Structure formats: C-alpha cells, structure tokens
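The values are calculated or read from the model by the stated rules, or taken from the named source; none is laboratory data. Owing to the predicted nature of the structure, the values given are computational and were not obtained by experimental measurement. Neighbour counts run over all protein chains shown; Cβ positions are idealised from the backbone, glycine included.
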Amino acid sequence: MSATVNRDPEAMKARELALQRTLTVWIVTGLMFMLLPGTFLGVWNLISITGAHSTTLIDPAWIQAHGHAQIFGWIGSFIIGIGFYSLSKMGRLPEFAITRSWISWALWTAGVTLRWATNLWMWEWRWMLPVSAVLELLAFLLFFLTVSGHRAEPKPGSPKAGGPPVWMFAVIAGSLGFLASLSANLAVTIQAGVSGIGPAIPHGANERLLVLFTWAFPVVTIWGFSARWLPVFLGLREPAAKFLFAALGVNTLGVIAAMLGWFIPAMFAVLASSGTAAYAVRVFLPPVKAPKTIGVHPTFPLFVRFAYAWMIVAAALGVCAVFWDQAGGLWGSSRHALTVGFMSTMVFAIGQRVLPAFCGMRVLYSPKLMFWSLALLNVGCLMRVSSEIAAYESYVPAMWPLLPVSAIIEMTAVTVFAASLLLTFRQPPAHLANAAQA
Ligand code: HEM
C-alpha cells in the first residue's frame, strides 16, 4: 500500500488526535457490549439456570447472544480498535486508514447489535442472522485489508533488524483466526437460515465453533500482545521465539481437530500449546528488570500471572470435559476459566495499563479501582468455575446458591473496570492536567 502520510507537524498532531478519537470510540463501544448485552444477559441466564437447576430449560439463543456480545462485541471491538490505532502509529498506514476505521466501526457495531437483537427477538431471523454476519465480516475485512499491507517504519538510527519480531507473527495468526471465526460464523448463519433451524446454532456445531472463537483468535492475539508488552511492563526476558512458534502450530492443529469434531486430541493440543505459550512469554519465570507499574496498581504483574494460570486451568478442564462432562458443567467452567479468568483478566490488566495513554495521553483515574476490578473478577471467577462443576455436574448440589453470587461479583468487577476507563477518558490529557496544577 502506498504511503501518503503528511509529515507536517500540525497535520501529524491532528492525525494523532483523530486516531485517539477513533480508538476511544471503539473502546467505549466494546465496554457497552461488555456491560449490557454481554454481562447483564449472562447474569440473567445464570440466575435462570440456577432457578431451573439445569441449562436445558434456558433458550440457547439467549446464551449464544451473551457469548457473541462478549467475544465479538467486547473483545473483538478492543482488538480491531487497538489494531487500527497501533498499526497507524507504527507504520505508514495511509490517511484514509482513519476514515476506514470509522466505516469499519459503524459496520461492526451494526452487525454485532443486529446479531444480539435477532437472537433475543427473532424478528426475520432467517435473514437477519446472515445479514449480521455479513456486516461483521465486512467490517473486519476493511480492517484486515487496511493493515495487511502495513510495514513497520524503521525508527531513525535503529540498525536493520533481521525480520519481523515474533509477537507480530502471533498477532497475524490471531487476525487470521479472527477472519476464520467470522467466515465460519457467516457459514453457520446461512446454514441456519436456509434449513430453518435457529436462531440458536445447533449444539454440536456451536461447541466446535466456540473452540475456534476462543482459542484461535482472542487467545492467540493475547499471546502476541504479551510477547510485545510483558518484557517491558513486567521486566521479563524477551520471549522464546521457537517456543511461541511451536505453541502457535500446536494450537492451530488443536483448533482444526476440534472443528473436525475430534475433541480428545483437540483438548490435549490446546493444553500443550497453552503451557508452551506460557513458557515462551516467560510469565512464570523471575523478571530480569523491575516491572513498570507507575500509574497502575503494583499488583498488576501478579494478576497477569493469575491470568496465565487461568488459561492452563481452562485447558486442563477442557481435557476433563471430553472424558467426564455430563451436564455442561465441565465445558462451561473451562470456557469461563478461559474467557473470564484468562481473557478478561488480561484485558483488565493490560487495558488499564495502555489505554489511558493510547486514548489521549491520560493517566489512569485510580489504580485502586484497577485493583478492585481485577480482585473481584478473579474471586468471582474462582467461585463460578468451582461451583459450576460442582452444581451442574451434581457432585455437590449444595453449591447451586453460589452461582448467582459469583455472577453478581463478576458483574461488579466488569462495572468497576468500565467505570475506571470511562472516568479516565473524562480527565484532561496528562500534560494539560499538569499545566493546570502548576
Ligand atoms: C460476567 C459474568 C458472566 C456471567 C454471569 C456469564 C454467564 C454465562 C452463562 C450462564 C452461560 C451459559 C453456559 C454456562 O452456564 O456455562 C455463558 C456462556 C458463555 N459465556 Fe459467559 N458469563 C459471564 C462472562 C463472560 C465473559 C466475560 C465472556 C467472554 C469474554 C463470556 C463468554 C461466554 C461464552 C463464549 C459462552 C458460550 C456461549 C454459547 O454457548 O454459544 N462470558 N455465560
């Protein structure tokens, strides 16, 4: 793609402000999907499941509406928004990248909202499901085409490095996983529309898709961001490239196996790949430099380690699920160990570390709020994962009443996280705040 970047300082400043504005809109949109269609519906579903002591009486379309809003509406919006922003900053993305980011945002928001509403109200669902999937895919393709021609701009004076860093391969792999997820989503929604079996995607196909939607795109993208940022933020050694490549390869095989319905090798593969990825990013090894925790809560490195522990627990529970799941409790707990324990903890931790600066050179409103969001999320997740296995699988039925409690704790955590970022975005940029105090 040809470079048409205007180097005039005023134009560069205006461009930076425009980039920050688009990113802020992507992030606020993601927070809205996380809170309303995502978490509140998730809590409602869990309270209904607790009332019925079973998942079978709950409309699967509502459960899928919740999952889609969280994975695509929240995590997807964050990934696309940060992708547009950081690649525009790093490289020679043309001026029209900002316009494309706005168009992509409009298509994406319309697509995810339509999917959620269709799952709930079923209006013309045989048409609306594929339409929502097309809108989402178009939004992503606009992002993908804009950034795929990107080349990192060499920093002045830096020696010519030998090829792109390993984190970039992981981010590219995550983007391909995202593309595969949206393409598969379109295929199953067309199939549902044509066959008339819907709007919930049939259970077997949905179970396969969920492996793709989680392990192939958010997980891999988070590995990429970890390889990029953890050496700086946690003072870790540089990532072990060979191990990260091995993790990516084995993980891809695992996802392919799951798509073919071979869940036993699939789950062993994701267990192997998650252990290998944790080793590759050195997250459990002692740091070689002091972590950079200025402006965030000092427990930030601890929560990043908790997140990686959750990922391995999720993969191990996936292995248990293929052998022993009877009522969805092991699968459900594995999924939430991954989505809440790993993904959400990483987004809460790294998000509150980088987004204040990306969205307008601000400082985090309150490190204490950051701590409480992370602490409540992990307590709620621990309670949820353990009681889901015990209650759903009838090992310890006395644990049913803990499930709504875990839901309220997790809901409080996500509300505190959203408040923390929104209060941060309402503050003036750091240099203006300092000038006002002087
Ligand atoms: C905040 C509190 C949350 C609550 C109370 C909640 C509740 C639920 C419930 C009740 C289910 C139905 C299946 C089961 O019982 O396991 C479910 C499924 C699911 N949840 Fe959550 N959830 C929460 C957070 C999240 C987050 C943060 C994510 C992703 C980032 C997520 C992703 C999913 C996915 C992908 C499914 C499967 C949907 C499907 O079957 O298609 N959840 N959740």
Members of segment 391-414 found to be among the small types (Gly, Ala, Ser) and buried (at least 17 other Cβ atoms within 10 Å of the Cβ), listed by number: 391, 406, 407, 413
Regarding segment 390-399, can at least one residue be identified that is under 17 Å from residue 416 (Cα atoms) and part of a helix (DSSP H, G or I)? no
What residue, among those in segment 404-423 that are of a type in the set (A, V, I, L, M, F, W, C) and within 10 Å of the ligand (Cβ to nearest atom), is farthest from residue 372 (Cα to Cα)? 407
Has segment 185-197 got at least one residue that is part of a helix (DSSP H, G or I), in contact with a Lys or Arg (Cβ under 6 Å, 6 or more places away or on another chain) and within 16 Å of the ligand (Cβ to nearest atom)? no
Residue check for residue 220: in a helix (DSSP H, G or I), among the β-branched types (Val, Ile, Thr) and surrounded by fewer than 24 Cβ atoms within 10 Å (Cβ to Cβ): no
Among the candidates 147, 166, 134, single out the residue that is at pLDDT 85 or above and closer than 27 Å to residue 239 by Cα. 166
All positions within segment 107-136 that are acidic (Asp, Glu) and within 16 Å of residue 64 (Cβ to Cβ): 136
State the number of residues belonging to segment 43-53 that are within 15 Å of residue 388 (Cβ to Cβ) and either within 28 Å of the chain's Cα centre (by Cα) or near the ligand (Cβ under 10 Å from one of its atoms) (or both). 7
Consider residue 78 against the criteria (1) over 16 Å from the mean Cα position of the chain (by Cα); (2) more than 9 Å from the ligand (Cβ to nearest atom): it satisfies all of them except one. Which criterion is unmet? (1)
Restricting to helices (runs of 4 or more DSSP H) lying wholly in segment 1-114: which have 3 or more residues that are closer than 23 Å to residue 362 by Cα? 9-33, 77-90
Name the single residue, out of those in segment 297-349 being of a type in the set (D, E, K, R) and more than 10 Å from the ligand (Cβ to nearest atom), that is surrounded by the fewest Cβ atoms within 10 Å (Cβ to Cβ). 305
For segment 251-275, pairs from a residue that is over 18 Å from residue 171 (Cα atoms) to a residue that is at pLDDT 95 or above and basic (Lys, Arg), with Cβ under 7 Å and 6 or more apart or across chains, are 258/208; 259/208; 261/208
Determine the pairs where a residue that is more than 22 Å from residue 340 (Cα to Cα) and within 16 Å of the ligand (Cβ to nearest atom), located within segment 216-239, has a partner that is assigned to a helix (DSSP H, G or I) and modelled with pLDDT of 95 or more with Cβ atoms under 9 Å apart, the partner being 6 or more residues away or on another chain. none
